[in-house]
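The values are calculated or read from the model by the stated rules, or taken from the named source; none is laboratory data. Please read these numbers as outputs of a predicted model, since none were measured by experiment. Here the Cβ positions follow ideal geometry from the backbone for every residue, glycine too, while neighbour counts run over all protein chains shown. Areas reflect the complete protein model, heavy atoms only, side chains present, ligands, DNA and RNA absent. Shrake-Rupley method; radii C 1.70, N 1.55, O 1.52, S 1.80 Å.
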Amino acid sequence: MAKRPERVVLATTEAVPFAKAGGLADVTSALASALARLDLDVTLLLPAYPFIEREGGRFTPVCSRPLEVALGRRTERFRLHRGELPGTPVEVVLIEHDAFFGRLGIYQDEKTGAEYADAAARYAFLSRAILAALPALGPPPDILQLNDHHTALAAAYRLLGPPAQVQALAPTGVLLGIHNLGYQGIYDAEHFHLTGLPESWMQPPGALEFWGRMNFMKVGIVHADVVTTVSPTYAREIQQSERYGHGLQGVLQKRGDDLCGILNGIDVDTWDPARDLHLPAHYDVDHLAGKAVCKRALQQRCGLDPEPELPLFGLIGRLVDQKGIDVLLAAATDLLSLPIQLAVLGKGQHEYEERLLALSRARPGRVAVRIGFDEELAHWIEAACDFYLMPSRYEPCGLNQMYSLRYGTVPVARRTGGLADTVHDCAADAQIGNGFLYGPHSAEALLDAVRRALVTFQSPDQMQRLIRTGMSADFSWDASARRYLHVYRRALQKRPKQPGLRIERGGTVTPAAEGGIDTGARIRKIRADFERE
Ligand code: ADP
């Protein structure tokens, strides 16, 4: 068994409370603090966006001079700033490069909603900067955890980078965490020169090549020592079919032995109906009166009819295809012929925003729709609703169903990914049943599940049982963090025995470790690729 890892660096583009576009932000910070509770020395590494407050001694510069990395023919300079994750011993290091990250949108232009045109350059830079930053932050970490495609190229650069860097990282196991395979970092081949990767990687079946374009996630999957994703069911689904693997199912299958699904936890301090700072009233599993107060307050706030007995359904999230908003809209007319109210909060695809708003105008008092990102309203909806809808096309893990269960709000969800691992259908098993699950991604199947939920709503005893089962579940991060620790050990075992290769000018490749014995099949494969070139 490999040694217990002591120092972990988590590289990410999002981490609460600094930068959030979705679940990745919650996950990286919560995992970092849970690992710190297990006595690991943890550093979070992320870009220095302009909206992160750095004044007032929150962050201090790490070195007096800027660091440098190559990007195509250019040299990019960046600075590091060190601070901490509030209320934890987790170190936070910001990578400051204003030309790439001094923007208000994390991934997209705030005005147009389009992904930044220089996305490939931003993430190639970020992946290089992560590795170049490590020596300035202390001894090499035992584990470097990359998260999603934005940082995935670092899994290759640590094998191919400058010899001193490759050597320095020899003790480090590299893990790629996949949070959503629907976003892979696919870019036109015209930006290939920025990556600095060997040209053979752009020829099938090269690690970067994907139908004539570049795929950054693929590089991470091929070259990380281990790959994790955020639920056991999603780990299986992404190897099985195009629908979930989005074209990478074959590549994932090949890494099947090193691919592991670990369910995300949730932040049980922030998301606690007994203490939630956002809520108009509090409650717990034995004192539920506050939940009715929250329902009344939300109805009032959103202009819904003040009907305590009308079952209220909620939905919060990105209004995109993945979340099944098309199915919800297809079911809307039939759904609203049932005696229910609906509260929706989210933003995303313009068409969905417009159609949802039209629905709320057509059904005032019954449907409330808020377009935007509103943390407080999200907490109110979780607390106020009787049921929570998740008609997801696919769902790597999903957080809202876990928040819902904790808030006594019964999920009605499609059986996929993390939903299948956390929501248990009450018809299938009354003991562990905590919600309603359905299979096909269709309006009919969603409607059937809602109808079943309404029947249960008529029976206070059954409803109470579901609420209690959900509220009693433990979704804290501690169990998940222990599983990560286990996978980190595996990453240490799987890391290449011979640390890397050096690319000489002109394409000659030599082992980075002079006299090292090459025992890694992966390294042999990379070398063969080079030699073919
Ligand atoms: P994903 O990461 O696919 O967007 P998750 O369910 O894993 O979905 O996590 C989404 C997180 O973002 C949850 O914490 C959810 O409450 C929050 N969220 C999403 N959209 C909004 C919004 N419009 N307002 C407030 N919170 C939101």
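Exactly one residue out of D478, D421 is open to solvent by 10 Å² or more (accessible area, probe 1.4 Å), touching a helix residue (DSSP H, G or I) at 6+ places or on another chain (Cβ under 7 Å), of a type in the set (D, E) and under 22 Å from R236 (Cα atoms), and it is D421.
Evaluating Y116 against the criteria (1) in contact with a Gly (Cβ under 9 Å, 6 or more places away or on another chain); (2) open to solvent by 10 Å² or more (accessible area, probe 1.4 Å); (3) touching a residue at least 24 places away in the same chain (Cβ under 8 Å) leaves one unmet condition, (3).
Scanning segment 326-365 for residues that are under 19 Å from E395 (Cβ atoms) and free of Cβ contacts under 8 Å to residues at least 40 places away in the same chain yields D326, L329, V344, L345, G346, K347, G348, Q349, Y352. The requirement of being within 17 Å of R451 (Cβ to Cβ), open to solvent by 10 Å² or more (accessible area, probe 1.4 Å) and within 24 Å of the chain's Cα centre (by Cα) is satisfied by V327.
Residues in segment 354-381 that are open to solvent by 70 Å² or more (accessible area, probe 1.4 Å) and basic (K, R): R355, R361, R363, R370.
For (1) open to solvent by 20 Å² or more (accessible area, probe 1.4 Å); (2) among the hydroxyl-bearing types (S, T, Y), each residue gets a yes or a no:
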| residue | (1), (2) |
| --- | --- |
| Y157 | no, yes |
| G161 | no, no |
| Q167 | yes, no |
| A170 | yes, no |
| G182 | yes, no |
| A189 | yes, no |
| G196 | yes, no |
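Keeping to segment 137-148, report how many residues are under 17 Å from Y183 (Cα atoms) and open to solvent by less than 10 Å² (accessible area, probe 1.4 Å). Count: 2. Out of R301, R296, R318, one residue alone is more than 16 Å from the ligand (Cβ to nearest atom) and either in the same structural domain as F457 (by TED's automatic domain parsing) or in a helix (DSSP H, G or I) (or both). It is R296. Among the residues of segment 14-50, those identified as at pLDDT 95 or above, within 16 Å of the ligand (Cβ to nearest atom) and assigned to a loop (DSSP other than H, G, I, E, B) are E14, F18.
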